Amino acid sequence: MTKPLVVITGASSGIGAATARLLSAHGHSLLLLARRLDKLEELSLPDALCRKVDVTDRAAVAAAIREAEGRYGPVDALINNAGAMLLGRIVDQPEDEWDRMIDLNVKAVLHATRAVLPGMVDRRAGTVINISSVAGRKTFPNHTAYVGTKFAVHAMSENLREEVAPYGVRVVTIAPGAVETELLSHTSDEQIKNDYAEWKAAAGGALDPQVVAEAIAYAYEQPPNVTIREIVLAATGQES
Ligand code: NDP
């Protein structure tokens, strides 16, 4: 018997891939979404439906969720993990990078949530886990547009928690500091990227994604009447 279905967006690398491996090892069926299908399939997890979906395409997300529910039953948890961190200065950052982050880090979180929430409310059960960031609590140099998206994730998570608490649905915010993943690689400004890499090294390195996956599993695996509202975790050497 597999445990109930968990949907993970951005499961092709980093935190999402580590979480997919861990929750699979804990016995869950999974729907894994990302644009790189080969990376999802390389995970080679049992009872895991892998779909090539750009999560900013709300119809494609909803269709994949319907397909997974047809196979494994209702979604018990949604992990809104897919995200992009395109660092830059507002004075000269390409504006399309703001659009990409807002569409992915903010709007896609709302749309994926909408795809599962009515069912959770009807069933009086379910968990939405949003991966925000320490950059959803405080500012950092060259992070203006990114912190805007992550402050939004924090605010939306907490407000959604209030909205659905009466229906027995839990909303959890996970806020990691720097994690060793592909996230930084998409920043287009080479100087900013190098400075960030030096900052990480000076802090003694970033967290392993497995540590974040374990925090996610800890929050999820509490009894249904317990909501871990937020977990903030970072490498000990990360001062800011
Ligand atoms: P990665 O870059 O390793 O992973 C990002 C994931 O998002 C990939 O699986 C990528 O898959 C997916 N993704 C990106 N764009 C899309 C899209 N349009 N549609 C579907 N999937 C998409 O980074 P992390 O694991 O670090 O990031 C995961 C989350 O953690 C993000 O929300 C990030 O903001 C947050 N976070 C990360 C921190 C860090 O220091 N690494 C710190 C704090 C928070 P693909 O390219 O195949 O589509």
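The values are calculated or read from the model by the stated rules, or taken from the named source; none is laboratory data. It should be emphasised that the depicted structure is a prediction, and the values quoted were computed from it without experimental measurement. Ideal geometry is used to build each Cβ from the backbone, glycine not excepted, and the neighbour counts take in all protein chains shown. For accessibility, only protein heavy atoms count, side chains too; no ligands or nucleic acids. Shrake-Rupley method; radii C 1.70, N 1.55, O 1.52, S 1.80 Å.
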Which value, in Å² and to the nearest 10, is the accessible area of TYR72 when all protein chains are kept and the probe is 1.4 Å? 50
Normalised by the empirical 2.2 N^0.38 Å for globular proteins, what value does the Cα Rg of the chain take? 0.97
Near the amide H of GLU230, under 5 Å away, which other amide H atoms are found, from residues 5 or more places off or on another chain, if H is placed in the peptide plane? THR173
Length-normalised contact order of region 1-120 in % [C-alpha pairs under 8 Å, at least 6 apart]: 28
If you average the C-alpha positions of region 106-136 and of region 9-87 separately, how far apart do those two centres end up, in angstrom? 14
Dipole of region 123-218, Cα-centred, from +1 at each Lys and Arg C-beta and -1 at each Asp and Glu C-beta, to the nearest 20 debye? 520
Students often get this wrong, so check it: of LYS52/LYS138; LYS39/LYS138; LYS52/LYS200; LYS3/LYS193; LYS138/LYS193, which have C-alpha atoms separated by over 30 Å? LYS52/LYS138; LYS39/LYS138; LYS52/LYS200; LYS3/LYS193
Dipole magnitude of the chain about its Cα centre (Cβ charges: Lys, Arg +1; Asp, Glu -1), debye to nearest 20: 720
Taking protein heavy atoms only, a 1.4 Å probe, and rounding to whole percent, the accessible area of region 3-231 owed to carbon and sulfur comes out at 51
Helix-only mean residue ellipticity at 222 nm for the chain, each DSSP H run of n ≥ 4 adding -39500 (n - 2.57), per residue, nearest 500: -13500 deg cm²/dmol
Please report the relative contact order for the chain, taking Cα pairs under 8 Å with a sequence separation of at least 6, and give it as a percent rounded to a whole number. 20
